[in-house]
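These notes concern the structure reproduced below.
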Amino acid sequence: MKNRFCEHFGLTSPVVQAPIGSASCPELVAAVSNAGGLGVLSGTWRTPSELRSLIRKTQALTTRPFGVNLVLAWDMTERVAICLEENAKLLSFFWGDPGPHIPVVHSVGGKVFHTVGSADEARKAADVGVDVIVAQGWEAGGHVWGKVTTLALVPRVVDAIPELPVLAAGGIADGRGIAAALALGAEAAWMGTRFLLTREARVHARYQQCLQEATEADTLYTERFSGGWPDAPHRVLERLRDWEQAEEIIAHYSDGEAIGRLSSNLPAPGVTGNIEAMCLYAGQSVGLSREILPAAQLVAQLSEETHTAVCNLWRRQGTIS
Ligand SMILES: Cc1cc2nc3c(=O)[nH]c(=O)nc-3n(C[C@H](O)[C@H](O)[C@H](O)COP(=O)(O)O)c2cc1C
């Protein structure tokens, strides 16, 4: 793939595995980067020392670039410093002002990605020195920053900041979606929900099963799972119609810690209890997310599908009888 973004980071496939909370683990991130995409680790819900060891573990599994994502709803200064000390210089920010962190990242030759939900916000991020803009549409899974859908948002952001690469996030789960994002002017797709269905993703098997059974009509944009992160809209599977009736404690971690019904934590492997009542983040792209694949195979498949989708645009598409 020839564009500024892929060439700069040495990608052979215009695919970024978006940060998907605690599901993005070193095995997933490294597998994606080794396959020619870009993997992104999530650093927010890890203690500083856990983050350091996760970065080291990822570096032991790949020599290719990978990102670390930090959510700026909380103070991330210490974690930014840890990333840079560990030579993880590709930082992705979400939900806050990236400005204060940019000088220190740039001072060591690092790059800053920032997720936005509007063209105005993209312009402001470019003006404070962000290097790569992620335009996240409303159909995205997980926490959703803006209110505009991907198809309307991406070309507006591309036009607002022609000097920077734009990545398209939200609603993309196969090569047709990636080709569409490229046609809108994006230089790669930033995909979360699809990567939950990989062998490496650190999620509970029942959660994966729920994702496989869901259609594009089964997600809910809500502030329901506010425990641990209030006032932050997110998109989840609407699995329980009688959610209000769910008990206060719905599940337990393997160490016995209780999980309340408002918890914003996703079901990790080892959790026991009412998994379906937990926060099952998913975007509308869930209807296209079916098979659980090794991440490297998924990246190869997405690459191949993108190529086919682009070629098909130039072929005769049949006739109307
Ligand atoms: C399970 C899950 C967890 C997420 N956690 C984060 C996160 O920690 N940081 C972040 O910037 N975005 C997070 N997101 C949002 C994704 O990075 C991305 O914007 C979104 O998944 C794109 O839409 P898609 O799910 O349709 O691919 C999360 C998304 C999901 C599905």
Q) Given the options ALA232, ALA188, ALA169, which has the most mean-square fluctuation in a GNM of the chain, springs set between C-alpha atoms less than 10 angstrom apart? A) ALA232
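Give the relative contact order (percent, whole number) for the chain; include only Cα pairs under 8 Å separated by 6+ residues.
Numbers: 711 pairs, mean separation 54.8, N = 321.
Once divided by the residue count of the chain, the mean separation gives 17 percent.
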(Q) Test of the criteria: in the stretch 112-163, which GluC sites (Glu not before Pro) are in a DSSP loop and have at most 14 other Cβ atoms within 10 angstrom of their Cβ? (A) GLU163
Q) Cα gyration tensor of the stretch 205-284, axes a ≥ b ≥ c as square roots of the eigenvalues: rounded (a/c below 1.5), prolate (a/b > b/c) or oblate? A) oblate
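In what order do MET1, MET191 fall by count of nearby beta-carbon atoms within 10 Å, going from fewest to most? Don't jump to the answer; show the numbers that get you there.
Numbers: MET1 18, MET191 33.
In order of increasing Cβ crowding within 10 Å: MET1, MET191.
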Q) Can you pull out the chymotrypsin sites (Phe, Trp or Tyr not before Pro) in the stretch 43-135 that DSSP calls coil and that have at most 14 other Cβ atoms within 10 Å? A) TRP74
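FYI, it's all coordinate maths here, none of it is from the lab. Fair warning: this is a prediction, and the values are worked out from it, not measured in the lab. Cβ: placed from backbone, ideal geometry, glycine included. Neighbour counts: every protein chain shown.
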